[in-house]
Amino acid sequence: MPETLLAARNITKRFGGLAAVHDVTVELWRDRIHAVIGPNGAGKSTLTNLLSGDIAPTTGTVTLAGRDVTGWNPERISRAGLGRSYQKTNIFLPFTVWENIRLAAQSRTPNAARWLKLASSVGEANERAERALELAGLQQRRHQVAAATSHGEQRQLEIAMTLATDPQVLLLDEPLAGMGTAEAERMVELLLRLKKDHAMMLVEHDMDAVFTLADHLTVMVNGQVIASGTPAQVRADPQVQSAYLGE
Ligand code: ADP
Ligand code: MG
């Protein structure tokens, strides 16, 4: 069995009368991609926010590498090994690709770094940033101002910034959104590279990419999980076909 790095058990998030996420249980495993699909408003982004600590669940628990992190703030969860990208980009456009990644790497360092620790933390942040730049395939763009890079490269940069915090768990919300075919193919290759050593949750609308990448697939509709299993199992589920895939 693969190692469980993140588990959300029976989590619910209510906004007033609406249960945006209702009694959802998901697990993320090392070296596996768990894709979450569903129509707009299904609760996918809310689920991502619950796992990253951006919002706290109304009920239910989240564990990260065996630790109960329910109710922790996003910075603390990030330091415990979770990295996420946002649908809306976090890039500083006037800065270079390298500066963006280097700043993200520094954010991993605790604020209260003492003098003696500071020198080694700078070296470590440089190394993390260098690895992230390479892993994301952005070496050629290192000195380019982010604003001058393509849409696809900006999405790669966003993932590099996430990698610079050295996460074990990656939550990616629609990394292929707005991409052309060539850009999407490059992103799929990147996500396949990232599978190794990471546990990944991938929220994505591009079904070709989902069925190429996913080891496990969960379908959400109206805040609830209607199916979860291997892509083949989910595809064969009659409820999924009528509710979502439209086959
Ligand atoms: P998805 O990402 O699957 O499109 P979301 O998680 O963004 O869905 O939204 C799920 C539901 O929760 C939607 O009905 C949305 O309007 C609602 N919702 C999301 N965030 C909030 C919020 N902060 N306050 C109130 N309702 C919200
Ligand atoms: Mg969303």
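Derivation of every value follows stated rules applied to the coordinates shown; laboratory data play no part. Because the structure is a prediction, the values reported are computed rather than measured. Don't worry about glycine lacking a Cβ; one is built from the backbone with ideal geometry, like all the others, and counts go over all protein chains shown.
Values as computed for the structure displayed
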quantity: Added length on full extension, which subtracts the Cα-Cα distance from 0.36 nm per residue, Ala80 to Ala182; calculated: 33.3 nm
quantity: HN-Hα J in Hz across region 59-71 - Karplus 6.51, -1.76, 1.60, θ = phi - 60°, x for Gly and Pro; calculated: 9, x, 10, 10, 10, 10, 6, x, 9, 6, 10, 4, x
quantity: Share antiparallel - DSSP beta bridges, region 91-231, percent rounded to 5; calculated: 55 percent
quantity: Calculated FRET efficiency for the pair Ser120/Asn222, C-beta based, R₀ 41 Å, to 0.05; calculated: 0.25
quantity: Only Lys, Arg (+1) and Asp, Glu (-1) charged, at Cβ; the chain dipole about Cα centre in debye; calculated: 760 debye
quantity: Inter-probe distance in nm under a simple model that places probes 7 Å from Cα toward Cβ, at Thr212 and Phe15; calculated: 3.2 nm
quantity: Sequence-distant residues sharing a close amide H with Ala199 (under 5 Å, placed H); calculated: Asp31, Val169, Leu170
quantity: Beta bridges per DSSP with both ends in the chain, % antiparallel, nearest 5; calculated: 55 percent
quantity: Order of Lys196, Lys13, Lys44 - criterion: other Cβ atoms within 10 Å of each residue's Cβ, fewest first; calculated: Lys196, Lys13, Lys44
quantity: Cα-projected label distance for Gln233 with Thr59, points at 7 Å along beta-carbon direction, nm; calculated: 2.6 nm
quantity: Residue with peak Gaussian network fluctuation, the chain [Cα springs, cutoff 10 Å], from Pro167, Pro175, Pro94; calculated: Pro94
